[in-house]
Amino acid sequence: FAFQGVKGAYSELAGKKIYPKANSLPCKTFEEMFESVNENKADIAIVPIENSRAGRVADTQRLIPNSKLKIIGEYFLDVNHCLLGPKNSNLKNIKRIHSHEHAIAQCRNNILKNEKQMIVAADTAGAAKLVSEWNNIEDAAIASSLAAEIYNLEIIQSNFQDTDNNVTRFLLMS
């Protein structure tokens, strides 16, 4: 399956829950994701369409009509934002939290309560990848548990989001 983002993205997590044995193909853009299915590099695209907190995903809704793909199913992923950091980091020594703007918005009260600086990144898994590369206990990311596994980060706090019932709806397209 193809997904937009880097390894560890919530879209990849959704794909792994639906197709646990399938190979995943990270794509830089949604256009590349649709193209990879049209060019038979992947059988299915895992397409985020809306989130119960952030609303619709305008980019995918704009691209779907011209994608030449058919909707073959849908999947609802419960989003569990994890606060991730390098080994030996903890909430006390973290100064900066990096993530996608929607993840930051969904964790804003927790970030403010803990008096941390918010830094917007292109995506959640990309932020986790950077935090892993920097290996600085003052930097953390909000991302998935899959990103923690892939980038060898510790889950400092699970369910870091401000409210429960955070669900992303994905379309399966082929």
At the level of C-alpha centres, the distance separating segment 88-167 and segment 1-77, in angstrom, is 23
Scoring the chain by relative contact order with C-alpha pairs under 8 Å, at least six apart, yields a percentage of 33
Diffing segment 12-22: the Karplus 3J(HN,Hα) column from phi (6.51, -1.76, 1.60, θ = phi - 60°), in whole Hz with x for Gly and Pro, holds 5, 4, 4, x, 5, 6, 7, 10, x, 9, 6
Residue span Asn40 to Leu112: 0.36 nm per residue of separation minus Cα-Cα distance leaves a gain in nm of 21.4 nm
For the chain, the Cα convex hull volume per residue in Å³ comes to 97
Over the chain, with neighbouring protein chains present, the accessible area per residue in Å² at probe 1.4 Å is 52
With all protein chains present, the chain has a carbon and sulfur share of its accessible area (1.4 Å probe) in percent of 47
Each label sits 7 Å from Cα toward the beta-carbon; between Asn159 and Ala122 the label points are separated, in nm, by 3.3
Amide H neighbours of Val167 at under 5 Å, excluding residues fewer than 5 places away on the same chain, with H built from the backbone geometry, are Ser52, Arg53, Val79
A correct Karplus calculation of ³J(HN,Hα) over segment 70-82, with 6.51 cos²θ - 1.76 cosθ + 1.60, θ = phi - 60°, whole Hz and x for Gly and Pro, returns 10, 7, 10, x, 9, 9, 10, 9, 6, 8, 10, 6, 10
In a Gaussian network model of the chain with springs linking alpha carbons closer than 10 Å, the residue among Ile18, Ile142, Ile104 that fluctuates most is Ile18
antiparallel share of DSSP beta bridges within the chain, to nearest 5, in %, is 65
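The values are calculated or read from the model by the stated rules, or taken from the named source; none is laboratory data. Keep in mind the model is a prediction, meaning the values are calculated, not measured. Glycine gets a Cβ as well: all are built from the backbone with ideal geometry, and neighbour counts include every protein chain shown. Accessible surface is based on the protein model in full, side chains and every heavy atom, while ligands, DNA and RNA are left aside. Shrake-Rupley method; radii C 1.70, N 1.55, O 1.52, S 1.80 Å.
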